[in-house]
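Structure first, then comments.
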Amino acid sequence: RRLAPAPQSLTGRHILVTAGPTHEPIDPVRFLGNRSSGKQGFAIAEALVALGARVTLVAGPVSLPTPAGVSRIDVQTAREMAAAAEGALPADAAVMVAAVADWRVEPAAGKIKKGAGAPPALALVENPDILATIGHAARRPRLVVGFAAETDTVVENARAKLARKGADWIVANDVSGDVMGGETNAIHIVTAAGVDSWPQLPKAAVATRLAERIAAALSGESL
Ligand code: CTP
Ligand code: CA
């Protein structure tokens, strides 16, 4: 019987993972946010620990248990996530799975009441791009991995993000179907060298394969 080669170890490596959505308050009872269960990011953190990594998981608001052995930092907003992620450096790799809210508003101190005239207008302000900040940081991890949820021209959009964000890989996910909150993912890993498309797999299997690929990249000379 022939066995698959044993995966490379991540012992001694520190890896930063962001996961889940961010919530940007509108007032004390309302927020702007993205759809994200956090399942894929948490599964990746767990798979990295299983290969021996020390993992810092910066998590937005999700209802998931902390995987054993993972150091978790809970945050609400994109700016809190940015501060926690930058504070976790240095790291050997960063895997940015979070669905960060692209905009925030200046929150109202009290609850906004309806019916007192026209509906309130939300003045949106762009949030910091955490992946781009880390991808261009002085203390840039050797391997920087972004995710991209796309509904159209998935690989082309991922290629553009690779360059713009200073990432080594973009893991592109076609979310035009029913992926958000689901148990499986079909992904394309877009790198400068090309595109690696994986079949639809359970999120745990995506996590294991990705952790093995990260371990191989950190062990090898090239990414
Ligand atoms: N990302 C981030 N900080 C942000 C926005 C995105 O770190 N403020 C990261 C995500 O965690 C992901 C990658 O960037 O790893 C791509 O996110 P995505 O939303 O697809 O990219 P955007 O640049 O925000 O583009 P758009 O939403 O317009 O497609
Ligand atoms: Ca976005």
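Among the lysines, which have Cα under 28 Å from the Cα of Lys161 when same-chain residues fewer than 8 positions away are ignored?
Output for Lys161: Lys39, Lys203.
How would you classify the chain from its alpha-carbon gyration tensor, with a ≥ b ≥ c the square roots of the eigenvalues: rounded for a/c under 1.5, else prolate if a/b is greater than b/c, otherwise oblate?
Here the chain falls in the prolate category.
Just to be sure I understand: with springs between alpha-carbon atoms less than 10 Å apart, which residue in Ala121, Ala167, Ala148 has the highest mean-square fluctuation in the Gaussian network model of the chain?
Comparing Ala121, Ala167, Ala148 in a Gaussian network model of the chain, the most mobile one is Ala121.
Please sort 23-31, 42-50 by packing, taking for each peptide the average over its residues of neighbouring beta carbons within 10 angstrom, highest first.
The most tightly packed comes first, giving 42-50, 23-31.
Please give the helix 39-50 orientation as an angle from the longest Cα principal axis of the chain, in degrees from 0 to 90, rounded to the nearest 10.
The two axes meet at around 40 degrees.
Given only helices, namely DSSP H runs of n ≥ 4 each adding -39500 (n - 2.57), what is the per-residue ellipticity at 222 nm of the chain, to the nearest 500 deg cm²/dmol?
So the helix-based figure for the chain works out to -8000 deg cm²/dmol.
Rounded, prolate or oblate: which fits the range 122-218, taking a ≥ b ≥ c as square roots of the Cα gyration tensor eigenvalues, rounded meaning a/c under 1.5, else prolate when a/b beats b/c?
oblate
Evaluate the charge dipole of the chain about its Cα centre and quote only its size in Debye, nearest 20, assuming +1 on the Cβ of each Lys and Arg and -1 on the Cβ of each Asp and Glu.
Rounded to the nearest 20 debye, it is 360 debye.
Which angle between 0 and 90 degrees, to the nearest 10, do you get for helix 154-165 versus the longest principal axis of the chain when only C-alpha atoms count?
Tilt relative to the chain: about 80 degrees.
In degrees from 0 to 90, rounded to the nearest 10, what is the angle of the helix 78-87 Cα long axis to the longest principal axis of the chain?
Helix 78-87 sits roughly 40 degrees off the main axis of the chain.
Which of rounded, prolate or oblate describes the range 11-97 when judged by the alpha-carbon gyration tensor and an a/c cut-off of 1.5? It would help to have the intermediate numbers written out before the result.
Working: a/c = 2.74, a/b = 1.77, b/c = 1.55.
Because a/c hits 1.5 or more and a/b exceeds b/c, the range 11-97 counts as prolate.
Just subtract the alpha-carbon distance of Ser71 and Lys113 from 0.36 nm times their residue separation and send over the number in nm, one decimal.
On the way: separation 42, 0.36 × 42 = 15.12 nm, distance 3.98 nm.
Length gained, Ser71 through Lys113: 11.1 nm.
Once both labels are modelled 7 Å past Cα along the beta-carbon direction, what's the Thr184-Asp196 spacing in nm?
It works out to 2.1 nm between the two label points.
So for each of 32-39, 192-199, 63-70 I average, over its residues, the number of other beta carbons within 10 Å; can you give me the resulting order with the highest mean first? Let's see the in-between values first.
Working: 32-39: 19.0, 192-199: 11.2, 63-70: 12.8.
My ranking of the peptides, most packed first, is 32-39, 63-70, 192-199.
None of the figures in this text is laboratory data; all of them are computed from the coordinates on show. This is a predicted model, so every value here is computed, not measured. We place every Cβ from the backbone using ideal geometry, glycine too, and count neighbours over all the protein chains shown.
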